[in-house]
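Visitor: Take this structure first; my questions come after.
The values are calculated or read from the model by the stated rules, or taken from the named source; none is laboratory data. Bear in mind that the values here come from a model prediction, so they are computed numbers and not experimental data. Here the Cβ is made from the backbone with ideal geometry for all residues, glycine too, and neighbour counts use every protein chain on show. Surface accessibility is based on the protein's heavy atoms, side chains included, excluding ligands, DNA and RNA. Shrake-Rupley method; radii C 1.70, N 1.55, O 1.52, S 1.80 Å.
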Amino acid sequence: MPIYTAQQIVVRACAIAKVTPAMGPIAGQYLNNVLEELCMTYDLEINVTTATVSLTGSGANNGIGPYLLPNNYLRACSRDLIYYVTGVPFKLIQITLAEMDALINTTGIANYPQNYATDVSPLTTQAAPKLYVYPPPQQVIPLQVRYYLLQTDIATPEVSSTVPWFPYQQYLIKRVAGELMGEAGDDRADKYLGDGPAGCVGMLRRYLNLQGDTEDTIKQVQLDARYFGGGGAAWPPSKLSGGV
């Protein structure tokens, strides 16, 4: 199947919308807006990556943090902050920043972290998001963080050879074309952007229903791990496993 660059998507969208090439920069802005909406609104498996954050007992606030997350961190995948102690996995349970602030933080509480909270407000100031853990670690711990990315805009997409990260390119073409129709007052805009079989909403819904390779995977209903079992190993902690 053909793989289109940002420029080719813009050109095709302009042709479908029957607008002049002078609308190319506006179409490029719409393309970036659509890509931003996709990563901000949906948990897409194509938009996941993994990073390692080193937790140290000598870190700020007695080791609770903040620890800097990657600049492109948007939000964590569910129950996907994990570390290992002698081969035993421990998964951190997310709590709010308010809950983190209310926890006791005195000398001698260092242990194996069980909870985490994130502060993503720096996203609006181009600073790195922050991670807090509790209890603070009693040793250096490499924490594996699997997360959804905040993708960067494509620079001047109307002339860019960059291939957009979202693979369903027919959706991108149709969505940008529909936005251009709305800009130009074209009556076809509602049909292109709408919920019908050929509309963008319907196209995206079908893609979301089938994304990834998990159709035959068993789904599990999860209780709040803070009150129903821990976030670590599947067996009771012991001196050998390093539990709390």
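Visitor: Can you tell me which residue in segment 159-200 is least open to solvent (accessible area, probe 1.4 Å), limited to those that are hydroxyl-bearing (Ser, Thr, Tyr) and part of a loop (DSSP other than H, G, I, E, B)?
Guide: Looking at the filtered set, the residue picked out is Ser160.
Visitor: Right, another one. Give me the pairs, please: first residue somewhere in segment 97-120 and among the hydroxyl-bearing types (Ser, Thr, Tyr), second residue anywhere and exposed (fewer than 14 other Cβ atoms within 10 Å of the Cβ), beta-carbon distance under 6 Å, and either six or more positions apart or on two chains.
Guide: Tyr112/Val244
Visitor: Tell me which residues, restricted to segment 115-146, are part of a strand (DSSP E or B) and polar (S, T, N, Q).
Guide: If the condition is that a residue be part of a strand (DSSP E or B) and polar (S, T, N, Q), then Asn115, Thr118, Gln144 are the ones that fit.
Visitor: If you don't mind, there's one more thing I want to ask. Scan segment 36-60 for residues that are out of contact with any Lys or Arg (no Cβ under 9 Å at 6 or more places or on another chain), in contact (Cβ under 8 Å) with a residue 60 or more places away in the chain, open to solvent by 10 Å² or more (accessible area, probe 1.4 Å) and not in a strand (DSSP E or B) and jot them down.
Guide: Glu36, Met40, Tyr42, Glu45, Ile46, Thr56, Gly57, Gly59
Visitor: I need a count of the residues in segment 83-114 that are in a strand (DSSP E or B) and open to solvent by 30 Å² or more (accessible area, probe 1.4 Å).
Guide: 5
Visitor: Answer yes if at least one residue in segment 147-154 is in a loop (DSSP other than H, G, I, E, B), within 30 Å of Ala22 (Cβ to Cβ) and either modelled with pLDDT under 90 or open to solvent by less than 70 Å² (accessible area, probe 1.4 Å) (or both), and no otherwise.
Guide: yes
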